Amino acid sequence: MFYRPEDGHGLPHNPFNAIVTPRPIGWISTRGTLGDNLAPYSFFNAVAYVPPQVMFASTSAKPDRDGTKDSVAQLRESGVFCVNIVEYAARDAMNATSGPWKAGEDEFAMAGIDKAECETIDCPRVASAPASLECRVTQIVPLEGEANFAVFGEVTGIHMRDDCLSEGRFDVTRFEPLSRLGYRDYAVIREVFALKRPGE
Ligand SMILES: Cc1cc2nc3c(=O)[nH]c(=O)nc-3n(C[C@H](O)[C@H](O)[C@H](O)COP(=O)(O)O)c2cc1C
């Protein structure tokens, strides 16, 4: 089948985010005048090495925030955010933090998630995450459509859980990374293989 987005897909559910899969999940923590906030974003990725940079995108708005969601509203105030990596063991806690909770609700407390302080920025992080990336906001880019924003950040500090390191590598076989598929589906990484690039 083929469709143009402006004509509609005619399917029971939008297939778009089932096509762009699997996606990593950035569990974004922020601190603002209303307190601490934590929410998952799968329109998320790393975008550069030197300096290391990441992005995530927020779509649609909450009625109690000015044209966006809590995460973007908070990082607009503070100029910083932290990306926490999600493992299979944290799937229910992560999901609990995705609810439409009112501005000022601390999802760490609500979902029983242990909080730690970041080192390079004034921001909370998920204490037990396999890795966390402390970020300084570099750009907030309004995207086509209503309440769509891409947030770019430069990574200023990197935490890796000690048990996720083996033989000098950040070893994804140690923690079962979670990724987002379409609809209500997720995937967990339990099998890893290597490929040599041409010329290596
Ligand atoms: C796994 C997962 C991935 C999500 N990815 C996104 C995303 O990329 N962009 C987005 O705007 N919302 C995404 N959401 C929905 C937000 O988490 C949800 O709207 C949340 O309430 C936003 O929280 P905040 O207002 O505290 O920032 C996702 C939800 C889940 C469960």
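The values are calculated or read from the model by the stated rules, or taken from the named source; none is laboratory data. Computed from a predicted model, the values in this text were never measured in an experiment. Cβ coordinates were reconstructed from backbone atoms using ideal geometry, including for glycine residues, and neighbour counts include every protein chain displayed. Quick note on the areas: whole protein, heavy atoms, side chains included, nothing else; ligands and nucleic acids left out. Shrake-Rupley method; radii C 1.70, N 1.55, O 1.52, S 1.80 Å.
Please get the size of the charge dipole for the stretch 14-188, origin at its Cα centre, with Cβ charges of +1 on Lys and Arg and -1 on Asp and Glu, quoted in debye to the nearest 20.
380 debye
Using the charge dipole of the stretch 1-72 (Lys, Arg: +1 at Cβ; Asp, Glu: -1 at Cβ; taken about the Cα centre), state which of SER60, SER29, ASN17 has its Cα farthest towards the positive end.
Checking the options against the dipole of the stretch 1-72, the answer is SER29.
Once you have a ≥ b ≥ c as the square roots of the Cα gyration tensor eigenvalues for the stretch 3-80, tell me rounded if a/c is under 1.5, and otherwise prolate or oblate according to whether a/b is larger than b/c.
Taking the square roots of the gyration eigenvalues as a ≥ b ≥ c, the stretch 3-80 is oblate.
Any idea how far the Cα center of the stretch 101-172 sits from the one of the stretch 53-75, in Å?
Here the answer is 14 Å between Cα centres.
For the chain, taking Cα atoms only, what is the radius of gyration to one decimal and the Dmax to the nearest whole Å?
In Å, with Rg to one decimal and Dmax whole: 17.4, 54.
Tell me the label-point distance for the pair ARG91, THR21, using the 7 Å Cα-to-Cβ offset, in nm and rounded to one decimal.
1.3 nm
For the chain, what is the number of Lys pairs with C-alpha distance below 24 angstrom, counting only pairs 8 or more positions apart or on separate chains?
For the chain, the number of qualifying lysine pairs is 4.
Please list MET94, MET160, MET55 from largest to smallest accessible area, probe radius 1.4 Å, with all protein chains kept in place.
Reading off the accessible areas and sorting them downward yields MET160, MET55, MET94.
Which value in Å is the Kirkwood Rh of the stretch 121-178 over different Cα pairs?
With all distinct Cα pairs of the stretch 121-178 included, I get 13.7 Å.
Once both labels are modelled 7 Å past Cα along the beta-carbon direction, what's the LEU143-ASP122 spacing in nm?
3.0 nm
Going toward the positive end of the dipole of the chain, with +1 on Lys and Arg Cβ and -1 on Asp and Glu Cβ, which of TYR186, PHE149, HIS159 do you reach last?
TYR186
Please compute the Cα-Cα pair-distance distribution of the stretch 77-141 with 5 Å bins starting at 0, giving whole percents from short to long.
That works out to 3, 16, 25, 24, 20, 10, 1, in percent per bin.
Starting from the stretch 110-190, pick out the trypsin sites (Lys or Arg not before Pro) whose DSSP state is loop and whose Cβ has at most 13 other Cβ atoms within 10 Å.
Answer by residue number: ARG184, ARG190.
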